[in-house]
Amino acid sequence: MKSFKLFLSVLALVAFAAAPVLRAEDAPVTPPAGAPEHKGSRFDRLKELTERLGLTDEQVAKIKPIIADEMAAMKALKQDATVDKEAKRAKAMEIHKAHVEQIIPILTSEQQAKFKAGREKHKEKSGEAPAPKSGPAQ
């Protein structure tokens, strides 16, 4: 009888200890205010480009499959277990650069300037060296 009481006591203790954890799993996860719902998705990227550059519907239609292709290539690269971390990073940069080169001709000259300025700002923020500016040396 004593072991049965001990068993019930331990069971009750475990139930009380697990209750907050179980309740926390039921709570919906809400992103921080202002954060996109699916960060990194092609739709967020397309939306961000559309808002920042003022893309037309025709430009959106041309850019959407380019971004979708880039996302698919990045996903395949991420899942490739035969490539080491440094090689994946280099390949990811190649994939991104190739897709950016497809997007730039679709943009107007004003949009291209905004796009390039945004990329430079991102590079500064992430710690990458900005691309050298062309022009006369001083």
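The values are calculated or read from the model by the stated rules, or taken from the named source; none is laboratory data. Since the structure is predicted, the reported quantities are computational estimates derived from the model, not experimental observations. Methodologically, a virtual Cβ is constructed for each residue, glycine included, from the backbone with ideal geometry; neighbour enumeration extends over all protein chains shown.
Results, tabulated for the structure shown:
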| item | result |
| --- | --- |
| Number of the condition not met by G118 [criteria: (1) at pLDDT below 90; (2) more than 15 Å from R45 (Cα to Cα)] | (2) |
| Positions within the stretch 83-97 being part of a loop (DSSP other than H, G, I, E, B) and exposed (fewer than 11 other Cβ atoms within 10 Å of the Cβ), in sequence order | D84 |
| Members of the stretch 101-111 that are more than 15 Å from D69 (Cβ to Cβ), hydrophobic (A, V, I, L, M, F, W, C) and either in a helix (DSSP H, G or I) or within 20 Å of the chain's Cα centre (by Cα) (or both) | I104 |
| Unique residue being out of contact with any strand residue (DSSP E or B) (no Cβ under 6 Å at 6 or more places or on another chain), modelled with pLDDT of 90 or more and loosely packed, with under 10 Cβ neighbours inside 10 Å when the list is E70, E110, E51 | E51 |
| Residues within the stretch 74-97 that are free of Cβ contacts under 8 Å to residues at least 12 places away in the same chain and of a type in the set (A, V, I, L, M), tallied | 6 |
| Residue within the stretch 25-41 that is assigned to a loop (DSSP other than H, G, I, E, B), surrounded by 10 or more Cβ atoms within 10 Å (Cβ to Cβ) and at pLDDT 70 or above present | no |
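Table: residues versus (1) in a helix (DSSP H, G or I); (2) under 18 Å from R45 (Cβ atoms); (3) within 16 Å of the chain's Cα centre (by Cα).
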{"site": "P65", "(1), (2), (3)": "yes, yes, no"}
{"site": "M71", "(1), (2), (3)": "yes, yes, yes"}
{"site": "M74", "(1), (2), (3)": "yes, yes, yes"}
{"site": "A81", "(1), (2), (3)": "no, no, no"}
{"site": "H99", "(1), (2), (3)": "yes, yes, yes"}
{"site": "A113", "(1), (2), (3)": "yes, no, no"}
{"site": "E124", "(1), (2), (3)": "yes, no, no"}
